[in-house]
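The values are calculated or read from the model by the stated rules, or taken from the named source; none is laboratory data. Treat the numbers as computed from the prediction; the structure is a model and nothing was measured. When we count neighbours, we look across all protein chains shown, and the Cβ atoms used for this are built from the backbone with ideal geometry, even at glycine.
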Amino acid sequence: MPAGRVATYGQIAAAAGNPRAARAVVWVLRRRDDLPWHRIVNVGGGVSLRAGDGRERQCALLEAEGIEFGADERIDLSRYGWVAPLGR
DNA sequence: ACCATGACGGTCA
DNA sequence: TTGACCGCCATGG
């Protein structure tokens, strides 16, 4: 997962072996803070964090990596979506 | 073993 | 289009 790219919970779960373990991914993110949590968004390309929890921080970090947000604070996964867990 | 929590995902009304 | 519900996996009480 290179910088400037984002991945969905389901995508990560799928890469881990369980496409439906998105909840487990969430759990890991809560437990581990040494991960690129800011690059993880929901299937809609939007930040799932709530305002006041760190949502603004994540958006800032993403923009800092060159990721652009849409009109609804939405990220174009077709453009910034993480591709291919195998290799790059 | 059962219930509750978590930054989800998909379907249905 | 939006809101609500259920299903999903993993951990803690």
Taking region A:16-31 as the region of interest, how many residues are assigned to a loop (DSSP other than H, G, I, E, B), near DNA strand C (Cβ under 6 Å from one of its atoms) and not small (G, A, S)?
2
Based on what the data block shows, is A:G66 under 11 Å from the mean Cα position of the chain (by Cα) and more than 13 Å from A:A7 (Cβ to Cβ)?
no
Can you run down the residue pairs with Cβ atoms below 8 Å, 6 or more apart or on separate chains, where the first is in region A:14-39 and touching a residue at least 40 places away in the same chain (Cβ under 8 Å) and the partner is of a type in the set (K, R)?
A:R39/A:R5
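Consider region A:50-69. How many of its residues are over 18 Å from A:G81 (Cα atoms) and within 11 Å of DNA strand B (Cβ to nearest atom)?
5
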Quick one: what pairs do we get from region A:44-60, first residue without any contact (Cβ under 8 Å) to a residue 60 or more places away in the chain, second aromatic (F, W, Y), C-beta under 7 Å, 6+ apart or different chains?
A:C59/A:F69
Among A:V41, A:V6, which is the only one that is buried (at least 16 other Cβ atoms within 10 Å of the Cβ), within 9 Å of DNA strand B (Cβ to nearest atom) and at pLDDT 90 or above?
A:V41
